[in-house]
Amino acid sequence: MSKDKIAIAYSGGLDTSVMIKWLKDRYDAEIVAVTGNLGQQKEIENLEQKALDTGASGFSFLDLRADFVENYIWKALKAGALYEDVYPLATALGRPLLAKALVDVALETDCTMLAHGCTGKGNDQVRFEVTFASLAPHLKVLAPLREWEFTSREAEIAYALEHDIPVSATKKSPYSIDENIWGISIECGVLEDPMMPPPEDAYQITTSPEKAPDRAAVIDIEFEQGIPIALDGRKMDGLALIEELNRAGAAHGVGRLDMVENRVVGIKSREIYEAPAATILHFAHRELERLTLEKTVFQYKKNIAQDYANLIYNGTWFSPMREALDGFVEATQKTVSGLVRVKLFKGSVTLLGRTSPWSLYNEELATYTEADTFNHKAAEGFIHLYGLGLKTYSEVQARNSR
Ligand code: ARG
């Protein structure tokens, strides 16, 4: 009989390297290692050789960047999804896509088990496993980090040396870092004290606002139905556009976030994020919505944004709820087209102007000059009726309290 096969979400780091050998022995199985490119800068060369040297019998490297932008990031941007009003959800958005890619490879290569390297305290285990359950409920799920014997990094390194597992010589950062094109998540080390300001070395890509250029950058961002399509008049594909805004924002210290957030598993954690492009785009998109969305739609959409962010954070991306919310969001974005001019300066992004063929701003109505076309007389009757309920209420209160 041929051996069982396990598909593992592989990063090339210590945990997932040790996992290959550990799972192979424990289950007497073959290992298929799967790595997805979501735009992380981290070394992704030689990963295949490394996975095979570590004991995997197969390796897949998938470039998921375009899929990530088109089918995940843009949806989240259009929805205005910021978890607890701050976090643009880079890590959280990447998980369902990685999990889906893992399932796809597992099915193609006849694996019967799926494994990930997430800890038992975090959100990511939830996101992976909920996605597995909705896409391939028949596959068995393994989470070695929740059950193996290693209680420290040193113990894992000792095991790796003992079994000739290649571990990279580079010194381990004092932080735990997850990165993709929508942002970088940084935690652990001194950051665990929420009163401790993040040391400069915690930041991976952004210049500190103090060291940012004295000259501001001005950028024109053009949107079509809620999706950014051009910078300074140059049409660009989504990936290039995000990369360019990450570069420009990072140079000006834009997109540093520091929050204590509520994890799915009931723990509050302190996390630092760097998300220049996400910060700029969410800001610009929202300003364009202020101009182009009808009042009740604009105000109601806030609730949808919060529900959408919770759904991403909580790992239920592949769900009828997301599809239903997408329906609402799509309907609102038909008129979110136009141009937003922003300024990047020493850590902040501010608005210089906005314009749209769908603008609901009517200067003839808004103006206080001669050009005014607003019917001031109409206000009197409107206010009479609008305040009638409260007037009646107040009269009845007064009568009965005498
Ligand atoms: N707190 C973020 C989330 O739950 C990031 C998690 C991964 N963070 C990390 N530093 N490895 O989406």
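The values are calculated or read from the model by the stated rules, or taken from the named source; none is laboratory data. The structure displayed is predicted, hence computed values, not measured ones. Positions of Cβ are generated from backbone atoms using ideal geometry, with glycine treated the same way; all protein chains shown enter the neighbour counts. With ligands, DNA and RNA removed, areas are computed over all heavy atoms of the protein, side chains included. Shrake-Rupley method; radii C 1.70, N 1.55, O 1.52, S 1.80 Å.
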Completion exercise
Among 53, 67, 104, the single one that is assigned to a helix (DSSP H, G or I), among the acidic types (Asp, Glu), within 20 Å of residue 13 (Cα to Cα) and more than 16 Å from the ligand (Cβ to nearest atom) is 53
Practice task
Can you tell me which residue within the stretch 246-266, out of those that are of a type in the set (Lys, Arg) and open to solvent by 50 Å² or more (accessible area, probe 1.4 Å), is nearest to residue 195 (Cα to Cα)?
Solution key: 256
Handout entry: Sole residue being aliphatic (A, V, I, L, M) and open to solvent by less than 10 Å² (accessible area, probe 1.4 Å), chosen from 98, 77, 82, 107
Key = 77
Practice task
Please name all residue pairs, on different chains or six or more residues apart, with Cβ atoms under 7 Å, provided the first residue is in the stretch 310-338 and is open to solvent by 10 Å² or more (accessible area, probe 1.4 Å) and the second residue is acidic (Asp, Glu).
Solution key: 325/307; 337/224
Exercise for the section: Inspect the stretch 305-314 for any residue being assigned to a strand (DSSP E or B) and closer than 23 Å to residue 224 by Cβ and give the result as yes or no. Expected result: no
Problem - Extreme residue, nearest to residue 119 (Cα to Cα), among residues of the stretch 136-182 that are within 16 Å of the ligand (Cβ to nearest atom) and acidic (Asp, Glu) - result: 178
Fill in the blank from the handout: residue 31: passes all of (1) among the β-branched types (Val, Ile, Thr); (2) open to solvent by less than 50 Å² (accessible area, probe 1.4 Å); (3) in contact (Cβ under 8 Å) with a residue 40 or more places away in the chain but (3)
Practice task
Might you check whether a residue that is assigned to a helix (DSSP H, G or I), within 16 Å of the ligand (Cβ to nearest atom) and in contact (Cβ under 8 Å) with a residue 24 or more places away in the chain occurs anywhere in the stretch 115-124?
Solution key: yes
Practice task
Have a look at 249, 226, 253, 233 and point out the one that is of a type outside the set (Phe, Trp, Tyr) and free of Cβ contacts under 8 Å to residues at least 60 places away in the same chain.
Solution key: 233
Practice task
Looking only at the stretch 230-238, decide whether some residue is more than 15 Å from the ligand (Cβ to nearest atom), over 24 Å from residue 215 (Cβ atoms) and among the small types (Gly, Ala, Ser).
Solution key: yes
Completion exercise
Reported set for the stretch 292-303 where residues are surrounded by fewer than 19 Cβ atoms within 10 Å (Cβ to Cβ), assigned to a helix (DSSP H, G or I) and not hydroxyl-bearing (Ser, Thr, Tyr) is 295, 297, 298, 299, 302, 303
Fill in the blank from the handout: Going through the stretch 339-374 in order, the residues found to be farther than 30 Å from residue 279 by Cβ and either open to solvent by less than 90 Å² (accessible area, probe 1.4 Å) or touching a Phe, Trp or Tyr at 6+ places or on another chain (Cβ under 7 Å) (or both) are 362, 365, 367, 369, 371, 372, 373
